[in-house]
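This report concerns only the one structure given below.
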Amino acid sequence: MQEPVSGPAVPIGAGEVALSIEAIRKAYGATVAVENAAMTLMAGEVHALLGENGAGKSTLVKILSGVVRPDAGGMVLKGRPYAPSSISAARAEGVATAFQELSLLPNLSVAENLLLPRLPKGVAGMTSAAGTWQAGADILARYGLDHIDPGAALESLPLADRQRIEIVRAFVNARHVLVLDEPTAALADTQWLFDHVRAATAKGMAVLYISHRLSEVRALCSRATVLRNGRSIATVELSAATDGDIFEMMVGRRGHAARRAAASTAATLNAPVVLAVSGMAGDTLKDVSFELRKGEILGIAALEGQGQRELFRTLAGLRQPASGTISVDGVAQALRGPSHALRVGGGIAYLPEERKTEGILSGLSAASNIVLPILPAVSKAGLVSGRNERAASEEHAQRVEMSQRYLSFPIGDLSGGNQQKALLARVMATGAQTLLLFDPTRGVDVGTKQSIYAAISNFAEQGGSVLFYSSELPEIVQLAHRCMVLYGGRIFSEFTGEDIDEQALVAALIGHGGAERRASAGVH
Amino acid sequence: MASLTHSTPHRMRRAQPMKLLTSGAGIVFVLYVLLYAIYAFLQPSALSSSTFTNLVNNSVPLAIAAAGETLVVLSRGFDLSVAGVISLTNVLMAVYPQEGPFGALVSLTICLAVGGIVGAVNGWLVAILRLQAIAATLATMIVCQGLALVILDAPGGMVADWVSYELTDRLFGVLPISGLFVLAVVLAWLVFKRTNLGLGLYAVGADEQAASLSGISVIKVRFAAFVGAGMIYGLAGFMLSAQTATGNPNSGTPFLMLAFAAVALGGTSLSGGRGGLIGSILGAATLMLLQKVLFSGGVSSFYTGIFQGVVLVLAIVFGSAFARLTGRRTAA
């Protein structure tokens, strides 16, 4: 049943094969998403699937979950041919997936979301509200999520809880194989997930784990299969492979994660202040004061829901602070909205958190998405000039190392990494001197991350200022001149230059370390 | 690790008067009661059973048409064929009258079947061939209007006496019979809402992609919505014929815009996934009551449209403002 894997020889552990896939191929029109993918999942193992965005991971996940059917190749589940024609068919065979772009319905209750598409029946075959509620409550209790009301509308939950619901639903539906696609993108605390994954594997479940966070992968997985350009390059024993090895297999070149920012930190400390926040309060924020200087990259580290979202949305003009002042270039401003924020002083541009709903306009081309804020500049006599649009978008795409061949595609068809690059190009195209970047590398691959880091650093070197929040501490360590830790809506502590250190940040993230919550964001 | 605490079933039945009030149906109900009070003030006979029956009879065709439209709107679609189906079934009723109660049953079956067939065509075009709903149903509406003209080229014909008398009468001297048909639609909806298909309607309307990843058959849900809606339009045409007792190949046209107005007034989101059929029925009733109120207040009927439009905007503005005040916002 086990096909030979290329690359380093892998000692297959004890246990039977849960799922093997062989020579899978899938093309969308002329674009080959998966060229030749093969791998073997053992029962009871957590197997990582690694690869850059566009490597074919998402397509492979869709094939495993029955969303799309492969053009060629075959799969064997528990010794029987496996070719699901739909999500339901895959579930019936015991394969379930927690999707990266959550597949939940905002207008339905938590319990209904957990139980879709079939709810418990009561009188006369009608769905029973009480039965649904109870079944939902039972599932939540089983996964330690008692704090969530099964009757609550899904949209009333914070993003992290929505992600947990997506994960729990996959757990409930999986019998043999569980696929987790970027399950921690919105989770600051991964312990809960890890505990349940380990409990499931202890009972013989095979878990395919897809994450861009290598530290998580190392903490949880035993083996990893690397995909590159739609081909499975190798399956490796993680204990025997260094980060460098894996990185090289993924991108074909060695990465360098040294601090870029170190040299220029001192220079920014005395630069003029471009954005000053004083005594800002409202909703979760309490007395937040700080200054952002010209050419400075200021990182914000925080666990989920410590006020970072409110802070960014306030600075973008999307919400009004209850008290406090915001000064731009030394002038106090009441920001009335994002377009007003763009016009005050040197301008403030905001890269929002939710790429799919707040960022991209999926029907438009990547080029149009990029030049959106500067349409007047690319227009002739009020009409948008295709040539100007193309030229302007090429210029800005270059700043984020986005390949020009993607510019003419509808942005919705691009990979998450390229969408994010286009959005970053868009905020840079505004010409704003201050960028607010909310988790700019959420759910993107390592290669794209490096491009985004480079673009941010270049922007700062040319005199721009950047305030960014990241859920990944290594990113802050690598990129920020200065870092503030938000905790409970306050600025809990601040680190400068070489003092920005993961260990120190972790301690600050959880307040005085008194809480039992373990900080995690990429650290283990 | 999973701490097994006892769940608390009492949370399930939280009293939700606020939620009910902020729902579209709640607001339009309050609006209806207010309007009726004004109506009673302007015209004391408004509280008599015969006036009420009259009002109900007038409102029923639009209420049922709006109920059908709601099914499609909830699934994030538009269905313009409502006008065509009503015209077509109306001329069928007027040109081929079937006498007696049994004849009425035959007519009703024909109306439902015609509506169901048109709905199935819509469903095929939209759900399976994936045409845009507005374009596809515009086409079926035009075809139906054309068919109606072929069957009856000018207003005329006679609807069966039994239908036009009995269905506009009162049961036990108080209960408008036509209202019972609306009640039947409401009951059918309450049952349907609690089926997997009914929940699927809300799911598909909110996010088609997520619904399909949740295991819902989007095609099945869409198709069912159109077929159900078509049959309900057929019923609306049947009830309209009972009202007018005659045929008119253009009788469905006014229903097109008013049905959407009633849906919106009833708190159903035109972008899908939110709202319900009862709100639309109340919305339709409110629009018709408004006509009566204006008439009894001595306002020329030329102004009716202006008032209906203003009330629609106010209801939507008030509804969303009220929802915001009571904090029914989503987590940012």
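With the structure loaded, tell me whether A:PHE438 is touching a residue at least 24 places away in the same chain (Cβ under 8 Å), surrounded by 23 or more Cβ atoms within 10 Å (Cβ to Cβ) and among the aromatic types (Phe, Trp, Tyr) or whether it fails that test. Answer is yes for this residue.
In region A:126-137, the residues that are in contact (Cβ under 8 Å) with a residue 12 or more places away in the chain and crowded, with 18+ Cβ neighbours inside 10 Å form Cβ pairs under 9 Å with partners that are part of a helix (DSSP H, G or I) and among the acidic types (Asp, Glu), at six or more places apart or across chains, as follows: A:THR132/A:GLU112; A:GLY136/A:GLU112. Restricting B:THR268, B:THR286 to residues that are buried (at least 24 other Cβ atoms within 10 Å of the Cβ), within 14 Å of chain A (Cβ to nearest Cβ), in contact with a helix residue (DSSP H, G or I) (Cβ under 9 Å, 6 or more places away or on another chain) and of a type in the set (S, T, N, Q) narrows the list to B:THR268. Within region B:53-66, identify whether any single residue is surrounded by fewer than 24 Cβ atoms within 10 Å (Cβ to Cβ) and either modelled with pLDDT of 95 or more or of a type in the set (Ser, Thr, Tyr) (or both), and answer yes or no. Yes - at least one qualifying residue is present in region B:53-66.
Contact map, region A:223-251: residues that are aromatic (Phe, Trp, Tyr) paired with residues that are part of a helix (DSSP H, G or I), Cβ distance under 7 Å, separation 6+ or inter-chain. Pairs shown: A:PHE247/A:VAL446. Within region B:150-168, if we keep just the residues that are surrounded by fewer than 21 Cβ atoms within 10 Å (Cβ to Cβ) and within 22 Å of the chain's Cα centre (by Cα), the residue that is nearest to the other protein chains (Cβ to nearest Cβ) turns out to be B:THR168. For A:ALA302, are the conditions met, namely being within 22 Å of A:SER493 (Cβ to Cβ) and surrounded by fewer than 23 Cβ atoms within 10 Å (Cβ to Cβ)? When the stated conditions are applied, A:ALA302 does not pass them.
Conditions (1) within 14 Å of chain A (Cβ to nearest Cβ); (2) without any contact (Cβ under 8 Å) to a residue 24 or more places away in the chain; (3) outside any loop (DSSP other than H, G, I, E, B), marked per residue:
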site	(1), (2), (3)
B:VAL182	no, no, yes
B:VAL186	no, no, yes
B:LEU199	yes, yes, yes
B:SER212	yes, yes, yes
B:GLY215	yes, yes, no
B:ILE219	yes, no, yes
B:ALA224	yes, no, yes
B:VAL227	no, no, yes
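Tell me, please, whether a residue that is in a strand (DSSP E or B), within 23 Å of the chain's Cα centre (by Cα) and either more than 30 Å from A:GLY279 (Cα to Cα) or of a type in the set (Asp, Glu) (or both) can be found in region A:385-401. Within region A:385-401, not a single residue is in a strand (DSSP E or B), within 23 Å of the chain's Cα centre (by Cα) and either more than 30 Å from A:GLY279 (Cα to Cα) or of a type in the set (Asp, Glu) (or both). Step by step: first the residues of region A:457-487, then only those that are out of contact with any strand residue (DSSP E or B) (no Cβ under 7 Å at 6 or more places or on another chain) and assigned to a loop (DSSP other than H, G, I, E, B), then the one that is farthest from A:THR314 (Cα to Cα). Which residue is that? Filtering first and then ranking leaves A:GLN462. Is it true that some residue in region A:54-75 is at positive phi, part of a loop (DSSP other than H, G, I, E, B) and in contact (Cβ under 8 Å) with a residue 60 or more places away in the chain? Yes, region A:54-75 has at least one match. May I ask you to say which residue of A:ARG313, A:ARG309 is assigned to a helix (DSSP H, G or I), touching a residue at least 40 places away in the same chain (Cβ under 8 Å) and more than 16 Å from A:CYS483 (Cβ to Cβ)? When all the criteria are applied, what remains is A:ARG309. Inclusion of A:LEU157 among residues that are within 21 Å of the chain's Cα centre (by Cα), outside the structural domain of A:HIS47 (by TED's automatic domain parsing) and either surrounded by 24 or more Cβ atoms within 10 Å (Cβ to Cβ) or of a type outside the set (Lys, Arg) (or both) is warranted. Selection of first residues in region B:144-169 that are in contact (Cβ under 8 Å) with a residue 12 or more places away in the chain and of second residues that are loosely packed, with under 14 Cβ neighbours inside 10 Å, restricted to Cβ pairs under 8 Å at least 6 apart or on distinct chains, gives the following pairs, ordered by first then second residue: B:ALA160/B:GLU99; B:ALA160/B:GLY100; B:ASP161/B:GLU99; B:TRP162/B:GLU99; B:TRP162/B:GLY100; B:TRP162/B:PRO101; B:GLU166/B:PRO101.
Scanning region A:166-191 for residues that are within 11 Å of chain B (Cβ to nearest Cβ) and closer than 21 Å to A:ALA135 by Cα turns up A:GLU166, A:VAL168, A:ARG169, A:ALA170, A:PHE171, A:ASN173.
Selection over region A:79-120 of residues that are at the interface with chain B (Cβ under 9 Å from one of its Cβ atoms) and of a type in the set (Lys, Arg) gives a count of 2. Residue under question is A:ALA137, and the condition is that it be within 11 Å of chain B (Cβ to nearest Cβ), under 25 Å from A:THR201 (Cβ atoms) and not in a loop (DSSP other than H, G, I, E, B); does it hold? Judged against the criteria, A:ALA137 is not a match. Is it the case, given these coordinates, that A:MET428 is assigned to a loop (DSSP other than H, G, I, E, B) and among the hydrophobic types (A, V, I, L, M, F, W, C)? Judged against the criteria, A:MET428 is not a match.
Is there a residue in region B:109-131 that is without any contact (Cβ under 8 Å) to a residue 60 or more places away in the chain and under 17 Å from B:THR70 (Cα atoms)? Among the residues of region B:109-131, not one is without any contact (Cβ under 8 Å) to a residue 60 or more places away in the chain and under 17 Å from B:THR70 (Cα atoms), which makes the answer no.
Go through (1) buried (at least 19 other Cβ atoms within 10 Å of the Cβ); (2) part of a helix (DSSP H, G or I); (3) among the charged types (D, E, K, R) and name the single condition A:GLU353 misses. Condition (2) is where A:GLU353 drops out. Residues that are within 18 Å of A:ASP287 (Cβ to Cβ) and more than 11 Å from chain B (Cβ to nearest Cβ) within region A:299-311 comprise A:ILE300, A:ALA302, A:GLN306, A:GLY307, A:GLN308, A:LEU311, listed in sequence order.
The values are calculated or read from the model by the stated rules, or taken from the named source; none is laboratory data. For clarity, every value in this text was computed on a predicted model and none was experimentally measured. Neighbour counts run over all protein chains shown; Cβ positions are idealised from the backbone, glycine included.
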